[in-house]
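Notes for the one structure printed next.
The values are calculated or read from the model by the stated rules, or taken from the named source; none is laboratory data. Only a predicted model underlies this, so the values are computations on that prediction, with no experimental measurement involved. Glycine also receives a Cβ, built like all others from the backbone with ideal geometry; neighbour counts cover every protein chain displayed. These area figures cover heavy atoms from the full protein model, side chains too; ligands, DNA and RNA do not enter into them. Shrake-Rupley method; radii C 1.70, N 1.55, O 1.52, S 1.80 Å.
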Amino acid sequence: MTNSELEQLADKVLEKIRSHHGQPLEPTKLADLYKTSEEEIISSIGILRNWGYTIKADKERRYIFVNAPDNYLSTEILYNLETKFMGKRIYTYYTVQSTNAIASQLAIAKSPEGTLVISEHQTRGRGRLGRNWHSPEKVGLYCSLVLYPKIHPTLAPGISIVTAVSLADTIASYDDIDVKIKWPNDILISGLKVAGILIELSAEIDRIEHIVVGVGVNLNQIRSDFPEELRKQATSVRIGTKEKIRRVEFLQRFLKNFERDYAAFKKYGLKDARKKITKYSSLHNKEVKLKMGRKTIIGIVIDIDEQGRLVLDTKEGIMNFNAGEVTTH
Amino acid sequence: MKEKTIKKLIRLVEESDIDQLEVTSWGRTVKITRRISGRNGHAEKPAVVQPYTPPPSSSPTAPVVLPPVDIKPPVAEKKYIEIKSPMVGTFYASPAPDAPPYVKHGQRISVGQAVCIVEAMKLMNEIESEVAGVVAKAMVESAQPVEFGQVLFLIDPQG
């Protein structure tokens, strides 16, 4: 049996022993079931343990499933994933420069919609404008999704709002914590940044070729995990909820929310997302400074419009903006 | 695209040696292909395919104003080809503030080469050139806001 055949067998064995609810299973029974030898069943158990699964053997050398690791293994992500296409094709890595860069390549190669690229660690996690996203291993979620929406490119920035809303909903599903969205898509807990979103569009003037949605979330960091210079700006879901987050489950919840919100967006635009962003908005009714190149505009945030633009009440009247850097003061 | 314009384009293909012509103008693409029958290489009348017409964004407050469709024959009168912004946003000449710009004045560029980024609501749109040539002029300064259809670069195709 080749390595990949053994891995496939390991996946099947895992499914079987996992569904056995802690009841022991004989290796000979598994060998019969998958028409293979007992040695190969033993090898496949070895593979599963290597992946991080805890599988006990009792006195009679029967196997008992104990628990699954909280690692981004395709098998784990797909287990009980309640989506139709989002995250159904998965590319996992231990370390990459940037998941967005890989996802772009996959999109050019026409990988199916919803393709997920995920890495334990990013060496050059892309933030906006070449800024880095601090991406240490084992504590975060760094992933990218490939999309091919059949909408006009001028509507594409709406995806930014949709992603922010899905992510805020996911965080809010854990606990009654104070999640906010700072327009357009920064996610904050108690005023500190917990997640970042970077979206890259490839389009002709009249047609979208693909969109890559990159998401970075601080999940299980504790304060001391952040470098000194980030401690006053960054937080994690764990710091917010005071409980350790099962990362695979967080990802699954996000994929489910995002699939739903993305479908609604394609059908109805930002109708649903707008209601939610109003609920989550950290800027509503506040006076803000919007910096656009050399121009700075001061105004009160009164709305986010049907295109996701920030609506400001300024001295010169009510104006809508889709770009610029917002600061409260 | 108007029927009259399409007919004009068909005539253009019929009278020329070219087998295929694709013209994109403000969100509408027309592709005209001449079918060559396999045996005697006899050219048939060109076939017209109008592949995909996107719905115009129709919200009342949309800042997007589509200019009138105005197609000139490919024999352009002016020397420069314009690269325009496909959306409202912020123009960035380089991928990061301290990085060198995508393209410089006088630089030779090829089809599909990235020339800049336009950002809207943290969605980054890397703009690629649809033509080969030399960058004759950058029309916008980095980090400045741009409008839909605003000219970003002038490219000299003969350069």
Average beta carbon contacts from partner chains per residue of A:145-157, 10 Å cutoff: 4
Distance cut-off 19 Å, percentage of C-alpha pairs in region B:96-152 lying past it: 28 percent
Amide N proximity, region A:33-70 versus A:Glu26 label position 7 Å along Cα-to-Cβ, cut-off under 20 Å: A:33-45, A:56-65
On Cα atoms only, tilt of A:99-108 relative to the major axis of chain A in degrees: 90 degrees
Förster radius 22 Å - calculated FRET efficiency between A:Gln233 and A:Ala172 (Cβ-Cβ, nearest 0.05): 0.55
For chain A, built as a Gaussian network whose Cα springs stay under 10 Å, the top-fluctuating residue of A:Pro227, A:Pro157, A:Pro184: A:Pro227
Note, ³J(HN,Hα) from phi for region A:272-284, Karplus 6.51, -1.76, 1.60, rounded to Hz, x at Gly and Pro: 6, 4, 5, 4, 6, 5, 5, 5, 8, 4, 8, 10, 4
Using a Förster distance of 35 Å, the FRET efficiency for A:Ile108-A:Tyr79 (Cβ separation, nearest 0.05): 0.75
Region A:263-296-region B:99-159 distance, computed between alpha-carbon centres (Å): 28 Å
Förster radius 45 Å - calculated FRET efficiency between A:Lys271 and A:Ile64, Cβ distance, rounded to 0.05: 0.35
Stretchable slack from A:Thr123 to A:Met1, in nm (0.36 nm times residue separation minus alpha-carbon distance): 40.4 nm
Net charge contributed by nearby residues that have their C-beta within less than 12 Å of A:Lys286 (K/R +1, D/E -1): +1
Residue of A:Gly158, A:Gly214, A:Gly46 that the Gaussian network model of chain A assigns the largest fluctuation, springs spanning Cα pairs under 10 Å: A:Gly46
Residues with amide H under 5 Å from that of A:Leu283, placed H, sequence gap 5 or more: A:Trp183
Beta bridges per DSSP with both ends in region A:74-280, % antiparallel, nearest 5: 80 percent
Against the rule of thumb 2.2 N^0.38 Å, how large the Cα Rg of chain A comes out: 1.13
Helical mean residue ellipticity (222 nm; -39500 (n - 2.57) per DSSP H run of 4+; nearest 500) of chain A: -9500 deg cm²/dmol
Sequence-distant lysines (8 or more away, or on other chains) whose Cα lies within less than 28 Å of B:Lys137: A:Lys291, A:Lys295, B:Lys72, B:Lys78, B:Lys79, B:Lys84, B:Lys104, B:Lys122
Surface share of carbon and sulfur [accessible, 1.4 angstrom probe, percent] for region A:287-328: 50 percent
Rounded if a/c under 1.5, otherwise prolate or oblate - region A:139-195, Cα gyration tensor axes: prolate
Global form of region A:287-328, assessed from the alpha-carbon gyration tensor, a/c cut-off 1.5: oblate
Per-residue HN-Hα couplings for region A:19-30 [Karplus 6.51, -1.76, 1.60; θ = phi - 60°; Hz; x = Gly/Pro]: 7, 8, 6, x, 7, x, 10, 6, x, 5, 5, 5
Fraction of the pair-distance distribution of region A:3-67 above 19 Å, Cα-Cα pairs, percent: 18 percent
Amide proton proximity set for A:Glu204, modelled H, under 5 Å, gap of 5+: A:Glu209
Residues whose placed amide H lies under 5 Å from that of B:Val146, excluding near-sequence neighbours: B:Gly89, B:Thr90, B:Phe91
Magnitude of the charge dipole, chain A, Cβ model with Lys/Arg +1 and Asp/Glu -1, debye to 20: 780 debye
Separation of the A:Ser190 and A:Tyr94 label points, Cα + 7 Å toward Cβ, nm: 3.5 nm
